[in-house]
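This report concerns only the one structure given below.
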Amino acid sequence: MAQAITLARPYARAAFEVAHASGTLASWSQSLAFAAAVAGDALVAGLGNDPRVLPAQLVALHLPAGMAVDAPFGQFLTEMAEQRRLVLLPEVAELFEMLKRESESQLLVKVTSAMTLDAAQSEQLKASLKRRFKREIELETSVDASLLAGVVIDTGTEVIDGSARGRLAQLAGALAN
């Protein structure tokens, strides 16, 4: 996994720079998401290393409908296909999204709660996180009943554990010492 991210990073940065310079971040994001979904398919992934499959055929599989091969995104895919690196597209798309959010002063925050958050709770949490991190916040929520109560907030660089399970673990650690 670490090697795939390392190999994908220059492709993601190149894609971001081209998209940012041309003002087409949103369309590149959509195109990369499509190509990454195709690359994630087990049947397509198997074709990536098959010497009988030409790079142009691989590009045609990964190119969104209606997009020309000579378009900047098509050229990007062609370069990746010639290097037999289309298998890295899921990682490239993920890194591209991180760069895009960074450039737009957005932060993806993964919130895991013991119970489903209602709309008011989500908005209140978003507002609090926006004040703390001074960025627009995009929440990705999930439910984990094993937390007992509370939430765990993961910003990618910081984890705030406000769950009952986390507090009980802290208490157990304090008592053990």
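Some points to look at:
- The residues neighbouring PHE96, those whose beta-carbon lies less than 13 Å from its own, together hold a net charge of -2 under the Lys/Arg +1, Asp/Glu -1 convention.
- The length gained by stretching the chain between LEU108 and VAL143 to full extension, at 0.36 nm per residue less their Cα-Cα distance, is 10.9 nm.
- Once the convex hull of all Cα atoms in segment 49-148 is built, its volume per residue stands at 161 Å³.
- Accessible area per residue, Å², the chain with all protein chains present, probe 1.4 Å: 60 Å²
- Reported to the nearest whole Å, the Cα centre-to-centre distance from segment 46-72 to segment 91-169 is 36.
- Between the entries [x] 52; [y] 39; [z] 36, the label attached to percent of Cα pairs over 29 Å apart calculated for this structure is [y].
- Each helix, a run of at least 4 DSSP H residues, gives -39500 (n - 2.57); summed and divided by the residues of the chain, these come to -19000 deg cm²/dmol at 222 nm.
- A full extension of the chain between GLN75 and ASN177 corresponds to an added length of 30.8 nm, given 0.36 nm per residue minus the alpha carbon distance.
- Length released on extending from ALA65 to LYS134, taking residue separation times 0.36 nm less the Cα-Cα span: 21.0 nm
- Local electrostatic count at PRO51 - Lys and Arg +1, Asp and Glu -1, tallied over other residues with Cβ under 14 Å: 0
- If you run the Gaussian network model on the chain, springs between alpha carbon atoms under 10 Å, then out of ALA145, ALA127, ALA14 the most flexible one is ALA145.
- Surface composition of the chain: carbon plus sulfur atoms hold 57% of the accessible area, using a 1.4 angstrom probe and ignoring ligands, DNA and RNA.
- Cα gyration tensor category, rounded, prolate or oblate, for segment 81-120 with a/c compared to 1.5: oblate
- Listed peptides 107-117, 15-25, 43-53 appear in the order 107-117, 15-25, 43-53 once ranked by packing, highest mean of other Cβ atoms within 10 Å at the front.
- The chain - percent relative contact order, Cα under 8 Å, separation 6 or more: 20 percent
- Hull-based mean projected area of segment 98-162, where the convex hull spans the alpha carbons, in square nanometres: 4.3 nm²
- Counting Lys and Arg as +1 and Asp and Glu as -1 over every other residue whose Cβ lies under 12 Å from the Cβ of ALA12, the net charge comes to -1.
- For segment 1-66, the orientation-averaged shadow of the C-alpha convex hull comes to 5.3 nm² (one quarter of the hull surface).
- Virtual spin-label span in nm between ALA120 and ILE5, 7 Å along Cα→Cβ: 3.9 nm
The values are calculated or read from the model by the stated rules, or taken from the named source; none is laboratory data. Please read these numbers as outputs of a predicted model, since none were measured by experiment. All Cβ positions, glycine included, derive from the backbone under ideal geometry; neighbour counts span all protein chains shown. To get the accessible areas, we keep the full protein, side chains included, count just its heavy atoms, and leave off ligands, DNA and RNA. Shrake-Rupley method; radii C 1.70, N 1.55, O 1.52, S 1.80 Å.
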